[in-house]
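Can you read through this structure? Questions will come right after.
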Amino acid sequence: EPILFWGLDQASLNYTPGQILEQGIVWYYLYMVKDGKNVVLLVDDDANLREIIKAKLEAVGFAVIEAKDGEDGVNKAKNNKPDLILMDVQMPKMNGIEALSKIKADPDTSQAKVLFLTNYGEANTSDAPLDDKFARDIGAIGHLRKTDDLDKIIERVKQELFKITPNP
């Protein structure tokens, strides 16, 4: 299947692979998975927030599946095998931590990349690294604040999905 390469900016497209490694330019790859789009599962009980984030993700080329709570998110993760799950922590029926635990316990979804999307914590305080550490300790790849700039959220999604790290 085809692989597309994305650079940090248009100028990056003019570098040779050797120059990319020499200059440490970060490149991303996009593996075509569903109608040419990577799939993001967005799990949040706030329909308005889901609509806003979904529109932004779709505008930059992602396919988005929505879930309204943790229970719905676990089911949709199993049935759709998304490339990344953006999940709220505080939700009815099943919170994000419980949902993450179920996703990680299921062999069909245990390798899922989950980023918490939350109102907890302050982005610019000394606690921010602790929030990310907590998220990683329980099986997520990190966390984002719902109040973060939408572009920052999109960039983090791209970073988590497409980052290629050079072999040492």
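The values are calculated or read from the model by the stated rules, or taken from the named source; none is laboratory data. What you see is a predicted model, and the numbers here were worked out from it, not measured in a lab. Don't worry about glycine lacking a Cβ; one is built from the backbone with ideal geometry, like all the others, and counts go over all protein chains shown. Note: accessible area is taken over every heavy atom of the protein model, side chains too, but ligands, DNA and RNA are not part of it. Shrake-Rupley method; radii C 1.70, N 1.55, O 1.52, S 1.80 Å.
Go through segment 88-100 and give me each residue that's of a type in the set (A, V, I, L, M, F, W, C) and assigned to a loop (DSSP other than H, G, I, E, B). Write out each step before concluding.
Kept after step one, since they are of a type in the set (A, V, I, L, M, F, W, C), are these residues of segment 88-100: 89, 91, 94, 97, 99-100.
Hits for segment 88-100 are V89, M91, M94.
When residues of segment 101-119 are filtered for being in contact (Cβ under 8 Å) with a residue 12 or more places away in the chain and not in a strand (DSSP E or B), how many remain?
Going through segment 101-119 one residue at a time, the tally reaches 10.
Here are the criteria: (1) more than 13 Å from V39 (Cβ to Cβ); (2) open to solvent by 60 Å² or more (accessible area, probe 1.4 Å); (3) of a type outside the set (D, E, K, R). Tell me which single one N80 does not satisfy.
Among (1) more than 13 Å from V39 (Cβ to Cβ); (2) open to solvent by 60 Å² or more (accessible area, probe 1.4 Å); (3) of a type outside the set (D, E, K, R), the lone unmet condition for N80 is (1).
Oh, and also: Looking at segment 56-63, is at least one residue farther than 21 Å from R145 by Cβ and in contact (Cβ under 8 Å) with a residue 40 or more places away in the chain?
Scanning segment 56-63, I find no residue that is farther than 21 Å from R145 by Cβ and in contact (Cβ under 8 Å) with a residue 40 or more places away in the chain, so the answer is no.
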